[in-house]
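Okay, so here's the structure we're looking at.
The values are calculated or read from the model by the stated rules, or taken from the named source; none is laboratory data. Remember, it's a predicted structure, so these values are computed and weren't measured experimentally. With ideal geometry, Cβ positions are generated from the backbone for all residues, glycine too; neighbour counts draw on all protein chains shown.
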Ligand code: TA6
């Protein structure tokens, strides 16, 4: 089974405008709540593909209940820890319809109580088994220090499950110490982690290889609409997505990870796993929401994804 852990989930509010104009009254054309928070998106992909998974993490209040209901409506089995008198945060995504590009405004979220952290650890111990994959995506809320984050990663390691991480900044720096099976940094996250100035892909490949040598089996560097570089000790893939008109890029990285995890969990080869990941992420980019994708469109996009050995 796959367990996804979202420590700081988010209820997303997509706000559609023609074009965001400074110092003006920007009239919204439409607004739509959606599922946010990163590892939640991975669970959506897994469930859409009929792969057994549980979504857990920390929720609160009416927003948390709405978010869980939205996920259960899409077939996700949820088992979140609930903190009373606290409200799961909202992320505001401004989607422009006259030009590509979105603006995302994310709330910090509530301060997580110590007993909630202990309850989450107990839950992880009770639901994770050694043959599972565990996806921990997103940042940490206030109340969860890097030390506590490290304890959660160590807990998964002790169980013997495969750790898959998608995070940034100090969480990513901590995560690589745990030698996860897979990490999926984007370009900015990798450059910050390794204090890189370069944007040369050849340089990136060398750095990814060093991360492989440090014990990280798969490093998937996301380059946004330019595609990705997938590195293991034995191989390096450069993947180019189809050209599309991007409607809302929010959630693409998370759906990409969901696609890769789904295929790897089923034992797919690396090339096919990340071909699928790229195709489903492309489908997501064409959609107006943050968690929407079409498996039918994904199958079509699979034919247009270019994968080559570097
Ligand atoms: O990656 C997309 C997304 O999960 C959005 O759905 C929105 O919830 C945002 O990221 C939250 O980002 P954060 O880094 O604050 O967890």
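A compact table of results
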item: Residues of the range 259-275 satisfying the condition of being without any contact (Cβ under 8 Å) to a residue 60 or more places away in the chain, outside any loop (DSSP other than H, G, I, E, B) and farther than 29 Å from residue 106 by Cα; result: 263, 270, 271, 272, 273, 275
item: Matching residues, the range 32-58, being within 20 Å of residue 111 (Cβ to Cβ) and more than 13 Å from the ligand (Cβ to nearest atom); result: 56
item: Any hit, the range 172-181, residues being on the phi > 0 side of the Ramachandran plot, in contact (Cβ under 8 Å) with a residue 12 or more places away in the chain, touching a helix residue (DSSP H, G or I) at 6+ places or on another chain (Cβ under 7 Å) and surrounded by 15 or more Cβ atoms within 10 Å (Cβ to Cβ); result: no
item: Residues (away from the ligand (no atom under 16 Å from the Cβ) and free of Cβ contacts under 8 Å to residues at least 40 places away in the same chain) located in the range 133-147; result: 145, 147
item: Among (1) surrounded by fewer than 23 Cβ atoms within 10 Å (Cβ to Cβ); (2) under 20 Å from residue 134 (Cβ atoms); (3) touching a strand residue (DSSP E or B) at 6+ places or on another chain (Cβ under 6 Å) - the single one residue 26 does not satisfy; result: (2)
item: Given (1) in contact with a strand residue (DSSP E or B) (Cβ under 7 Å, 6 or more places away or on another chain); (2) within 26 Å of residue 53 (Cα to Cα); (3) at pLDDT 95 or above; (4) crowded, with 16+ Cβ neighbours inside 10 Å, index of the condition residue 94 fails; result: (2)
item: Options 142, 131; residue that is assigned to a loop (DSSP other than H, G, I, E, B) and in contact with a strand residue (DSSP E or B) (Cβ under 9 Å, 6 or more places away or on another chain); result: 131
item: Residue within the range 13-31 that is under 21 Å from residue 167 (Cα atoms), within 12 Å of the ligand (Cβ to nearest atom) and in a strand (DSSP E or B) present; result: no
item: Whichever residue in the range 28-59 is out of contact with any helix residue (DSSP H, G or I) (no Cβ under 9 Å at 6 or more places or on another chain) and touching a residue at least 12 places away in the same chain (Cβ under 8 Å) and, among such residues, is farthest from residue 87 (Cα to Cα); result: 29
item: Scan of the range 259-271 for residues that are in contact with a strand residue (DSSP E or B) (Cβ under 9 Å, 6 or more places away or on another chain) and either away from the ligand (no atom under 16 Å from the Cβ) or within 15 Å of residue 302 (Cα to Cα) (or both), ordered by number; result: 260, 262, 264, 265, 270, 271
item: Total residues in the range 211-228, condition in a helix (DSSP H, G or I) and exposed (fewer than 13 other Cβ atoms within 10 Å of the Cβ); result: 1
item: Subset of the range 82-126 (residues that are under 27 Å from residue 30 (Cβ atoms) and more than 16 Å from the ligand (Cβ to nearest atom)); result: 96, 97, 98, 99, 100
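Here's the yes/no breakdown for (1) within 16 Å of the ligand (Cβ to nearest atom); (2) within 19 Å of the chain's Cα centre (by Cα); (3) closer than 22 Å to residue 134 by Cβ; (4) free of Cβ contacts under 8 Å to residues at least 24 places away in the same chain:
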position	(1), (2), (3), (4)
187	yes, yes, no, no
195	no, no, no, yes
201	no, no, no, no
204	no, no, no, no
213	no, no, no, yes
224	yes, yes, no, no
257	yes, yes, yes, no
